[in-house]
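To keep things clear, I will list the structure first and then write my remarks on it.
The values are calculated or read from the model by the stated rules, or taken from the named source; none is laboratory data. This is a predicted model, so every value here is computed, not measured. Positions of Cβ are backbone-derived with ideal geometry, glycine not excepted, and every protein chain shown enters the neighbour counts.
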Amino acid sequence: MNKNMRIRYKITLAVGVAVTVVLVAMAFFYTHFQEQSVLSQNERTMEKLTESVAQGLQAVMLAGSADIAESYADRLKKVTDILDFRILRTNGDEAFRDNKTIHDVNRRRGEETFTPRDHEQQIPVLPADDANLLAAVSEGRTLAIYEPGPDGHRNLTFLAPIKYTEACSKCHGTAHKVRGVIKLTTSLAAVERDIYEVRQYAIGGLALALMATMLLTGYMLGRTVVEPLERVTHAMSRVSDGDLNHQVPIHSRDEIGTMANSFNRMTSELRTTYDGLRREQDKLTTIIHGAGEGIVVTDSTGEIVLVNPAAERLLEKPASQLVREGFYALLDDEEQMRLWLSDPEQGGAITTAYKGRVLQIFASTIFGSDHNVVGSAALLRDITEEKRLEDELRRLSTTDGLTGLFNRRHLDATLDTEYNRAQRTGTSLAVLMFDIDHFKKFNDTYGHDQGDRVLQSVARNFHDALRKYDLACRYGGEEFVGILPNTTLEGAFCVAERLRVEIEAAEVDGLKVTISVGVAAFPELSVATPEGLIEAADAALYRSKEGGRNRSTRALPPEPSTPAATGADTTPV
Ligand SMILES: Nc1nc2c(ncn2[C@@H]2O[C@H](COP(=O)(O)OP(=O)(O)OP(=O)(O)O)[C@@H](O)[C@H]2O)c(=O)[nH]1
């Protein structure tokens with residue numbers, strides 16, 4: 001059966017085939033029984049006819065008019081549909097054609113009762129050993145024999161025995177129970193025409209019945225099954241096309257009605273879920289489009305499927321270009337991107353410089369619930385300003401606002417680090433501490449602003465006097481500390497002296513400024529903590545002040561009996 005055939009035609013065809021088989025079978029049995037019935041009827045009629053012929057013949061014979069029988073048989077032959085009529089002797093020869101019986105009867109009666117024929121002839125109709133003839137003669141029963149006729153129709157031949165009666169024995173004796181056989185052959189052409197007609201009518205009737213059944217079946221199927229099914233199918237196709245508002249009309253409470261009802265409920269559920277999902281999607285789309293962060297998403301094949309406006313802005317490329325160039329080329333560095341995505345620890349942020357700005361990127365692979373890769377995503381943030389503020393904050397938290405040098409907090413942290421490094425690597429670490437001499441007088445005499453300018457000028461000198469790797473800090477008030485990694489005590493002392501001379505030489509607003517310096521160094525000075533170095537430098541500074549100011553003093557190892565702070569080697573001016 002064609003798979004594309006509509007269900008209406010499939011069912012109608014199936015019902016049609018079933019009904020045809022049943023009707024053909026019924027037609028076959030009907031016509032067959034009809035035929036049997038007609039033939040039986042015909043047989044009975046013919047039997048009665050032969051019986052009445054036999055009786056008539058007997059009556060003629062008893063009336064002594066045996067010669068009439070011959071013309072009687074000839075007349076019967078002319079009856080329509082009677083093809084042949086013969087009165088046979090038991091040996092199969094036709095009776096009343098020769099004088100044998102006449103002679104026998106005359107002899108038995110002892111008188112010339114019957115006059116012999118002038119022209120006698122012997123006509124053998126059936127052979128003496130014909131099985132049917134023998135059956136009719138010996139068993140005394142009537143036989144009906146059907147044979148094909150020359151005109152295509154069947155012929156029916158009756159062999160009816162002519163039995164002896166009491167009256168017959170007077171002329172024919174009692175030697176045989178059956179005296180002769182009547183052979184009557186009729187054509188069944190008329191009967192078969194009737195049967196054919198009946199069959200035609202039956203087939204016509206059946207064809208009409210079949211047509212009516214099929215039409216009715218098709219109509220009923222259409223109304224009760226096919227149309228409701230088509231409505232559901234149509235609705236399903238509309239739903240699959242995205243029209244979730246389509247409902248199947250319910251006309252019945254049968255299985256199809258229940259199915260339509262279930263389908264409507266399912267569609268309604270689907271619509272609710274879909275609406276919810278759409279609302280969520282709208283929200284998500286709004287968030288994605290309005291987000292300050294750039295978002296780029298790919299599908300499982302790596303094709304970019306989503307680029308939000310922020311991503312276009314941050315990457316300075318239109319979405320079409322990003323899609324064309326591909327996910328790995330987002331930051332113009334495919335190798336770097338592949339490295340990030342292949343990192344098992346991915347998910348962390350990567351900060352990179354891009355077109356003069358600082359971008360933070362979260363690049364990750366997206367896995368589905370079945371652990372298969374469903375795509376990749378990149379979240380991009382412009383952290384240029386953030387980074388600047390962070391740097392500024394860090395700078396502010398580590399520097400002194402007035403002089404721009406590092407503050408004491410930063411000094412403490414750095415000193416710890418440098419001290420540990422020096423210990424670990426066995427290198428030197430020097431600390432230089434100085435204080436502006438009589439600074440109070442600048443404030444008191446020229447005002448606080450002038451004092452500030454002196455501090456700033458000294459700080460500049462201090463900063464410029466140190467190397468790149470040294471650290472210049474304002475320790476507090478008019479006190480300054482320098483950390484000089486990889487510097488011996490002598491080296492630090494040289495720096496101190498150079499600085500002291502430079503500051504003395506550089507007047508500030510025409511005012512002469514001098515400083516008193518103390519230097520200490522590890523490991524020349526065996527201190528146990530970083531603070532020990534500061535204390536030693538402070539003690540040396542103290543010695544410079546005591547020694548008359550405007551000078552540098554080396555911290556000396558403490559004498560066992562003398563405190564470290566007093567141990568100093570002062571260079572007088
Ligand atoms: N203008 C100004 N003055 C400050 C600042 N910090 C501290 N001072 C002043 O610095 C002065 C320090 O004075 P003192 O501790 O007596 O020391 P000095 O006058 O330098 O004397 P010696 O150190 O003994 O030579 C005080 O008057 C403080 O008010 C600052 O940031 N700006």
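Yes or no, residue by residue, for (1) in contact (Cβ under 8 Å) with a residue 60 or more places away in the chain; (2) among the β-branched types (Val, Ile, Thr):
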site: MET61; (1), (2): yes, no
site: SER65; (1), (2): no, no
site: THR90; (1), (2): yes, yes
site: PHE96; (1), (2): no, no
Any idea how many residues of the stretch 275-298 are out of contact with any strand residue (DSSP E or B) (no Cβ under 7 Å at 6 or more places or on another chain) and surrounded by 14 or more Cβ atoms within 10 Å (Cβ to Cβ)?
-> 1
What pairs come up if the first residue lies in the stretch 506-528 and is surrounded by fewer than 24 Cβ atoms within 10 Å (Cβ to Cβ), the second is in a loop (DSSP other than H, G, I, E, B) and modelled with pLDDT of 95 or more, and their beta carbons are under 6 Å apart, counting only those six or more places apart or on different chains?
-> THR514/ASP437; THR514/ASN550
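Go through the stretch 168-186 residue by residue and tally those that are in contact with a His (Cβ under 9 Å, 6 or more places away or on another chain) and of a type outside the set (D, E, K, R).
Count: 0.
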Could you grab the pairs with beta carbons closer than 8 Å, sequence gap of 6+ or different chains, first residue in the stretch 260-285 and within 22 Å of PRO249 (Cα to Cα), second one at pLDDT below 90 and of a type in the set (Asp, Glu)?
-> none
If only one of ALA59, ALA66 is over 30 Å from HIS153 (Cα atoms) and modelled with pLDDT under 75, which one is it?
-> ALA66
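What number of residues within the stretch 414-437 are of a type in the set (Val, Ile, Thr) and touching a residue at least 12 places away in the same chain (Cβ under 8 Å)?
So the first thing to find is which residues in the stretch 414-437 are of a type in the set (Val, Ile, Thr), and the list is 414, 417, 425, 427, 431, 436.
Applying the additional criterion that residues be touching a residue at least 12 places away in the same chain (Cβ under 8 Å) yields 414, 427, 431, 436.
Count: 4.
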Hits in the stretch 299-329 (condition: surrounded by 16 or more Cβ atoms within 10 Å (Cβ to Cβ), in contact with a strand residue (DSSP E or B) (Cβ under 6 Å, 6 or more places away or on another chain) and either under 21 Å from ILE287 (Cα atoms) or among the aliphatic types (A, V, I, L, M) (or both)) = ILE304, LEU306, VAL307, ASN308, ALA310, ALA311, LEU314, ALA319, LEU322, VAL323
Give me the pairs, please: first residue somewhere in the stretch 31-54 and farther than 15 Å from ARG154 by Cβ, second residue anywhere and surrounded by 11 or more Cβ atoms within 10 Å (Cβ to Cβ) and among the hydroxyl-bearing types (Ser, Thr, Tyr), beta-carbon distance under 8 Å, and either six or more positions apart or on two chains.
-> GLU47/THR142; THR50/THR142
